[in-house]
Amino acid sequence: MWLHRQEVDIMDSEKVIKRDNEYVLHTYARNPIALEKGHGLYAEGPEGQKYLDFTSGIGVNSLGYCDMTWAEAVSEQAHKLQHTSNLYYTAPCGKLAKKLCKRTGMSNLVQLTGATILSLFINSYSFVLKYDTDIFKSPP
């Protein structure tokens, strides 16, 4: 049932959108744009259309598309351990938390999981408050 490379390559925007509309339950409105690949700030459609992406994955990230350093790091890690519960310790988690604490001046962080969007918001909001308080001397 896995998609083969040939199936993906022959899909134009209309076919991608039609199949999606048939099999995906839409819980929000979508733009009538199909994306196939990207590089840097630009996403590209199946027919070669280029789009400057201002959405940042609906607030998930703003890394752009296909950054090779990021892609290689993710690939390397995926060959070791691609995902685990936060009930276990992993070296990359502590390494990232240490870097984030040093850059923000915070003493520790809430560990995030894919399903914990609220934690992401809380951590982000905490960073913004800390920055605002430190830089602009605004009350928390």
Checking Thr104 against (1) touching a helix residue (DSSP H, G or I) at 6+ places or on another chain (Cβ under 8 Å); (2) under 27 Å from Lys130 (Cβ atoms); (3) at pLDDT 80 or above; (4) loosely packed, with under 12 Cβ neighbours inside 10 Å, the condition it does not meet: (4)
Cross-chain or 6+ apart pairs with Cβ under 7 Å, segment 30-53 first and over 10 Å from Asp12 (Cα atoms), then of a type in the set (Lys, Arg) and loosely packed, with under 15 Cβ neighbours inside 10 Å: Tyr42/Lys50; Glu44/Lys37; Glu44/Lys50
Residue check for Asp12: at pLDDT 80 or above and among the charged types (D, E, K, R): yes
Members of segment 17-34 found to be at pLDDT below 90 and either among the aromatic types (Phe, Trp, Tyr) or within 21 Å of Tyr65 (Cα to Cα) (or both), listed by number: Tyr23, Tyr28, Arg30, Asn31
Among (1) at pLDDT below 85; (2) surrounded by 13 or more Cβ atoms within 10 Å (Cβ to Cβ), the one test that Ala43 misses: (1)
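State whether one or more residues within segment 55-78 are part of a loop (DSSP other than H, G, I, E, B) and modelled with pLDDT of 85 or more. Spell out the reasoning first.
Let us first name the residues in segment 55-78 that are part of a loop (DSSP other than H, G, I, E, B), namely 55, 60-64, 66-67.
Those still in the list that are modelled with pLDDT of 85 or more too: none.
No - not one qualifying residue is present in segment 55-78.
When only residues in segment 107-140 that are of a type in the set (A, V, I, L, M, F, W, C) and not in a helix (DSSP H, G or I) count, which is modelled with the lowest pLDDT? Show your work before the answer.
First, the residues of segment 107-140 that are of a type in the set (A, V, I, L, M, F, W, C): 109-110, 112, 115, 117-118, 120-122, 127-129, 135-136.
Going one step further and asking which of them are not in a helix (DSSP H, G or I), we end up with 109-110, 112, 115.
Working: Leu109: 71, Val110: 62, Leu112: 55, Ala115: 50.
Among those that are of a type in the set (A, V, I, L, M, F, W, C) and not in a helix (DSSP H, G or I), it is Ala115.
The values are calculated or read from the model by the stated rules, or taken from the named source; none is laboratory data. Everything numeric here is computed off the predicted structure, so don't read it as measured data. Reconstructed Cβ throughout: ideal geometry from the backbone, glycine too, with neighbour counts over all protein chains shown.
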